[in-house]
Amino acid sequence: MRFCTLKLVAVLASSLLISVAALAQGKPNVVILATGGTIAGAGADAASSATYQAAKVPVDKLIAGIPDLKNVAEVRGEQVFQIASESFTNEHLLRLAKRVSALSKQADVDGIVVTHGTDTLEETAYFLSLTVHTDKPIVVVGSMRPGTAMSADGLLNLYNGVVVAGAKDARGKGAMVVMNDQIDTARDVVKAINIKTEAFKSAWGPLGLVVEGKNYWFRAPVKRHTNGSEFDIDTINSLPSVEIAYGSGNANDTAYKAFAAAGAKAIIHVGTGNGSVAGQVVASLQEIRKSGVHIIRSSRVMNQGGFVLRNAEQPDDKYDWVVAHDLNPQKARILAMLALTKTNDTKELQRIFWEY
Ligand code: DAS
């Protein structure tokens, strides 16, 4: 018992020393939570910018690779996962968000950076923005090239991420994504290009830029997030099944029926155009809705500054369907899962899609 007490005192004392040292030098305390991805990737040679193995380099090696980090913050790292982000599950989302939430409550943490694969980075960032109640900056970064490649982008993305996470002027803006010198909201940003370093885009524009250690802001988020969210990760321990069915010509109801039979609580319909539903599929979706599964109309036409209009070509009121507004299908899935932890009422679900 005595040993445990001494150990606890030692841990508390070291945290206090870190925060006193940082305060003395005026530098913020930033924690980096590493999950894998290309930013932790390694390729065979410097010319291999797109051929590599993701999730290889540990967080302490990432930090050691950026000596200038010590000039902007007191940084420490935790290896939460070491996976490619296409392999993220709902359980990974819950575990990561709970760790971010716990750290955000610590007085010796001023901001948090999550290093993440780029494939599902936008979904994780949005989930954090919807569920972690803090006004401290939460910044998600990744890279399009492994650190072993010429003109690798990960080190500068991570450096910029720490600058934003440690900055007082970045507080209260919800979770953000920092890639390619750009600061985007977790809600709006998507991976729009699958090879180039300028891969991440927001249809409504970035929040700002981070250049040579300084943030330049040009707009503020208008949708609910973090402290303004009705979803709190500290009270959520499981997520309902929400699946995505992609629309095209020659559409049929096979995927929708399979998802409903497998227990999905909602299906994100990725419609053509304005979330359109092929005539030959409507009756099945009405049956599925009647069985208690929600239908949420998104669109494959995304991230160009439009949104799915309710009751336009599709009588959403009559069919008791929800529209995902401007959210792309993968973001709509994240919000639908959280909304369904609170309500099964269509009008309430639609309110949530207007507000977040
Ligand atoms: N497989 C990709 C991922 O982990 C690699 C990357 O782009 O980070 O998301």
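Taking the alpha carbon gyration tensor of the range 91-246, multiplying each eigenvalue by 5 and rooting it gives semi-axes of 23, 19, 15 Å, largest first. Hydrodynamic radius of the range 11-167 by the Kirkwood approach over all distinct alpha-carbon pairs: 15.6 Å. Using θ = phi - 60° in the Karplus curve 6.51 cos²θ - 1.76 cosθ + 1.60, the 3J(HN,Hα) couplings for the range 43-60 round to x, 6, 7, 5, 7, 8, 8, 10, 10, 6, 10, 6, 6, 10, 7, x, 4, 5 Hz; x is entered for Gly and Pro. In plain terms, the bigger the Kirkwood radius, the slower the diffusion; for the range 238-356, with that radius from Cα pairs, at 37 °C and 0.692 mPa s, Stokes-Einstein puts D at 237 µm²/s.
So what's the back-of-envelope 222 nm ellipticity for the chain, counting only DSSP H runs of four-plus at -39500 (n - 2.57) apiece and dividing by all residues, rounded to 500?
-10000 deg cm²/dmol
Phi angles of the range 346-356 translate, via the Karplus equation with coefficients 6.51, -1.76, 1.60 and θ = phi - 60°, into HN-Hα couplings of 4, 4, 5, 4, 5, 4, 4, 6, 6, 8, 10 Hz per residue; Gly and Pro are given as x. With the Cα gyration tensor of the range 81-176 giving a ≥ b ≥ c as the square roots of its eigenvalues, does the rule (a/c under 1.5 for rounded; else a/b larger than b/c for prolate; else oblate) give rounded, prolate or oblate? Judged from the Cα gyration tensor, the range 81-176 comes out oblate (a/c at least 1.5, b/c at or above a/b). Histogrammed with a bin width of 5 Å, the alpha carbon distances of the range 203-276 distribute as 3, 11, 13, 11, 13, 14, 14, 11, 6, 3, 1 percent, first bin at zero. The H on the amide N of residue 207, modeled in the peptide plane, is under 5 Å from the matching H of 183, 184, 185, each at least 5 residues off or on a different chain. Can you pull the percent of Cα pairs in the chain with separation above 35 Å? Summing the P(r) of the chain above 35 Å gives 27 percent of all pairs. For chymotrypsin sites (Phe, Trp or Tyr not before Pro), no site in the range 119-201 is both called loop by DSSP and has at most 14 other Cβ atoms within 10 Å. Computed from phi, the 3J(HN,Hα) profile of the range 184-200 under the Karplus parametrisation 6.51, -1.76, 1.60 (θ = phi - 60°) reads 10, 6, 4, 5, 8, 6, 9, 7, 9, 9, 9, 10, 7, 5, 8, 6, 9 Hz, with x in place of Gly and Pro.
Determine the relative contact order of the chain: mean sequence separation of Cα pairs under 8 Å and six or more apart, normalised by residue count, in whole percent.
In percent, rounded to a whole number, it is 13.
Histogrammed with a bin width of 10 Å, the alpha carbon distances of the range 269-320 distribute as 25, 56, 17, 1 percent, first bin at zero.
FYI, it's all coordinate maths here, none of it is from the lab. Keep in mind that this is a model prediction, so the values were computed, not measured. When we count neighbours, we look across all protein chains shown, and the Cβ atoms used for this are built from the backbone with ideal geometry, even at glycine.
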